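My questions will all concern the structure given below.
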Amino acid sequence: MPDDPSLPPAAVVVRSRVADFDIWLAAFDSHEDVRRAAGILGHHINRAEDDPNDVSIYLALSDLDKAKAFSASDDLRQRMQEAGVISAPEFTYMTPVREAIVWDRELPAFMLSHSVADFDRWLEGYDGAADLQASRGIVGQAANRSLDDPSVAIVYHQAESFDTLRAFLADEALKAKMQEAGVTSAPDVQFVTGGWAKRYG
């Protein structure tokens, strides 16, 4: 699996529930300097389709150890509490391997994870399904490998509607591609609206 120098060396998705998204977002935006100091390169925010206060933040990382230390800090815990975070955050660390998402507007999307027999073989199959994705209305996509379990692939797909995304997941051609690529588990899927993105530069 060749490294892509345009991608960050690591990333994390932080999922939690907030009391009020607008209040939380204002606080999150005001803390960009703190994230920069922790080596975070940018963010992309997602809100669950069925609960807009269920928030998942994708953070691009320049230094995994530095980011993990920041995530465990009392300072971050206090800032999250002040912003109205009302559940313990869940952290999913991963290595980005593909990224071609739409950053400049809000879009329906899904985050999906599943186990694979061989990640490199799976990635070849994922790349080989690019035409299928485009023909079924997928307008943005990203693929990642879990750092906690390297046999888990994590993908993110965007489309213009949730109906398009659901039809894509139900497509028999996609199911065949997944089987050929060595997917070994049923997918764990969350539908979200993604946006509120920024690269820190």
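Specify whether the C-alpha gyration tensor of the stretch 96-173 places it in the rounded, prolate or oblate class, a ≥ b ≥ c being the square roots of the eigenvalues: rounded for a/c under 1.5, otherwise prolate if a/b is larger than b/c and oblate if not. Don't skip to the answer; put the middle values down first.
Working: a/c = 1.86, a/b = 1.46, b/c = 1.27.
Note, shape of the stretch 96-173 comes out prolate.
Loop only by DSSP, 14 or fewer other Cβ within 10 Å of the Cβ. Give me the GluC sites (Glu not before Pro) in the stretch 111-193 that pass, ordered by residue number. The partial results should precede the final answer.
Working: sites: E124, E160, E172, E180; in loops: E160.
Within the stretch 111-193, the qualifying GluC sites (Glu not before Pro) (loop, at most 14 other Cβ atoms within 10 Å) are E160.
While we're looking at this one, here's another question. Pairs of Cα atoms under 8 Å, at least six residues apart: use those to get the relative contact order of the stretch 87-158, whole percent.
49
Right, something else. Restrict the search to the stretch 38-133; then list the chymotrypsin sites (Phe, Trp or Tyr not before Pro) that DSSP places in a loop and that have at most 16 other Cβ atoms within 10 Å of their Cβ.
On the way: sites: Y58, F70, F91, Y93, W103, F110, F119, W122, Y126; in loops: W103.
Those that pass, being in a loop and sparsely packed, are W103.
For the stretch 94-181, which trypsin sites (Lys or Arg not before Pro) are both in a DSSP coil and crowded by at most 10 other Cβ atoms within 10 Å?
Working: sites: R98, R105, R121, R136, R145, R166, K175, K177; in loops: R105, R136.
Answer in residue order: R105.
I need the shape label for the stretch 1-67. Rule: rounded when a/c is under 1.5, else prolate if a/b > b/c, else oblate, with a, b, c from the alpha carbon gyration tensor.
Numbers: a/c = 2.88, a/b = 1.60, b/c = 1.80.
Oblate is the answer for the stretch 1-67, as a/c is 1.5 or above yet b/c matches or exceeds a/b.
Determine the calculated [θ] at 222 nm for the chain from helices alone, applying -39500 (n - 2.57) to every DSSP H run no shorter than 4 residues and normalising by the residue count; nearest 500 deg cm²/dmol. Please list the in-between numbers first.
Numbers: 8 runs with 68 residues, N = 201.
Counting only the DSSP helices, I get -9500 deg cm²/dmol.
Another one. Over the chain, calculate the relative contact order: mean separation of alpha carbon pairs under 8 Å at least 6 apart, over the residue count, as a percent.
Details: 400 pairs, mean separation 57.5, N = 201.
Computed value for the chain: 29 percent relative contact order.
Hey, what's the chain come to in accessible area per residue, 1.4 Å probe, Å²?
On the way: 9840 Å² over 201 residues.
Computed with neighbouring chains in place, this is 49 Å² per residue.
Taking Rh as the Kirkwood radius computed over C-alpha pairs, what is the Stokes-Einstein D of the chain at 10 °C in a medium of viscosity 1.306 mPa s, expressed in µm² per second?
Numbers: Rh = 17.4 Å.
Estimated via Stokes-Einstein, D reaches 91 µm²/s.
At a 1.4 Å probe, what is the % contribution of carbon and sulfur to the accessible area of the stretch 1-74? Show your work: numbers first, answer last.
Working: 1810 of 3510 Å².
Within the stretch 1-74, the accessible surface is 52 percent carbon and sulfur.
Based on Cβ point charges of +1 for Lys and Arg and -1 for Asp and Glu, what charge dipole magnitude is obtained for the chain about its Cα centre, in debye rounded to the nearest 20? The partial results should precede the final answer.
On the way: 19 positive and 33 negative charges, 39 e Å.
Dipole about the Cα centre, nearest 20: 180 debye.
The values are calculated or read from the model by the stated rules, or taken from the named source; none is laboratory data. This is a predicted model, so every value here is computed, not measured. Ideal geometry is used to build each Cβ from the backbone, glycine not excepted, and the neighbour counts take in all protein chains shown. Accessible surface is based on the protein model in full, side chains and every heavy atom, while ligands, DNA and RNA are left aside. Shrake-Rupley method; radii C 1.70, N 1.55, O 1.52, S 1.80 Å.
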